[in-house]
Amino acid sequence: MQTDNMAEPALEKFKASSPSAGKDVEDVVSGQTTPEVILSKHGLRLHPQPVVSDPLDPLNWSTFQKHSILAIVMALYFMFTYITTTTVPSFPSLEEHYTLTIDQLNWTVAVPALGLSVGPLFWSSFADIYGRRPIFLLGTIIALASTVGAALAPGYGGYMAARFFQGFGVSPAASVGLAIIGDCFFENERGQKVGMWVLAIDLGLLAGPLIGGFPLFPLQKRKENSPSQLTSLRYWWVLSVITLIPVAYETFSPQSQGLLFLGLIIGTLISEVLCSGRLSDWLVLRLTKRNAGVKEPEMRLWLAYPAALISGIGLIVWGISVDRQWHWMVGQVAFVLFGAGIQMGNTAVCSYIVDAYPLQSMAVIVFYSVMLNLSAFVDPFFIFPWVDSVGFTWTMAGHAIITVFFCIPTIGLLHVFGGRLREKNGSPDWVNPEFDHDIVTA
């Protein structure tokens, strides 16, 4: 009875979507005929085509159930980066508690990023075998136990082990989480849903240091003989822009420094509401209609070009504002631009991955996640010498040059040749044959 009720709203939706589909859908439920193509409300073919007779097909679930699952995926993806950056404000306390060197402090952020890189390689195969939900539950239990272990660790070695397993435990949110979105939503909905998923990781990255500084306030004690300025600065040369904020605004209290992340958060939110998921879906819809109803995954990439430019501009403006000691509001405007570009670009790339390889999205996103977190792992070991040598302006300009002059040509090549490469190579041979009916060509 419950499964019938679950399938009913979807069935009605599909009937309403295509006047010609109603009779065929009923025939399928009775097992008499093969259904014709089911259309969306815009008159375009739904991708993938749902198995209307199967109440266990996630595409047939109610809107409430789908979005409840999306909320769970987003919550875990929020923790994906939150656990990495939330300890940054506690660096002075960690140094005192464990008697650490600067390099050892850097490792406390790099090691969970390593766990985030290794985890998707481990979890993805098990998720295909045992299902998405068991892997999410097991990973959450590991992350929770590791967090308790990090809080109670008597020594540096135990703390570092716990930090690694924190990252390892929340890592299914990357590969498994995106696969869940691909399972539950149609292609024309994925831009917005993937945008919300990307919003979760971006907010986790920014909210970590914002929230992490406030619990330290009652415990914070200043020593009379504080470390030298250079040593103090090195505490924060960890994750490029994110952890350079306390360096750039060293006269601010840790709590005020945390509030400076609001510019990045506002830019991320504005981008998601106005320029990312929904805009991506709208743009793809318009381009599909102009292309005689033929949808191509490369249509998702158009938003990546302005994203790279906006991010680059934000980086350069922020670097100049720090070196020239401009008012902190200038830096906040730069952060709004940078945050907006990052959100828009990540949404475009992740949506493209799901559209290009719908059945292999979990495997493909593993590569994306590994590269993303390996960059976070190695970042602490080169960002300090870079800034120390050339200053904020040229360090941020270097980041902007990499973003603009590497990303835009690469995306352009993918835009032109991506479809030809897929056509030439065909569908990857690790597709499960029983799911081949989900691949629909326009």
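What follows draws every value from the coordinates through simple rules; no lab data is involved. This is a predicted model, so every value here is computed, not measured. Note that we place each Cβ from the backbone using ideal geometry, even for glycine, and neighbour counts take in every protein chain shown.
Classify region 309-361 as rounded, prolate or oblate from the Cα gyration tensor: take a ≥ b ≥ c as the square roots of its eigenvalues, call it rounded if a/c is under 1.5, otherwise prolate when a/b beats b/c and oblate if not. In terms of gyration-tensor shape, prolate. Taking a ≥ b ≥ c as the square roots of the Cα gyration tensor eigenvalues, region 101-170 comes out oblate, since a/c reaches at least 1.5 and a/b does not exceed b/c.
Shown here for region 290-350: chymotrypsin sites (Phe, Trp or Tyr not before Pro) in loop regions (DSSP other than H, G, I, E, B) with at most 15 other Cβ atoms within 10 Å, namely W326.
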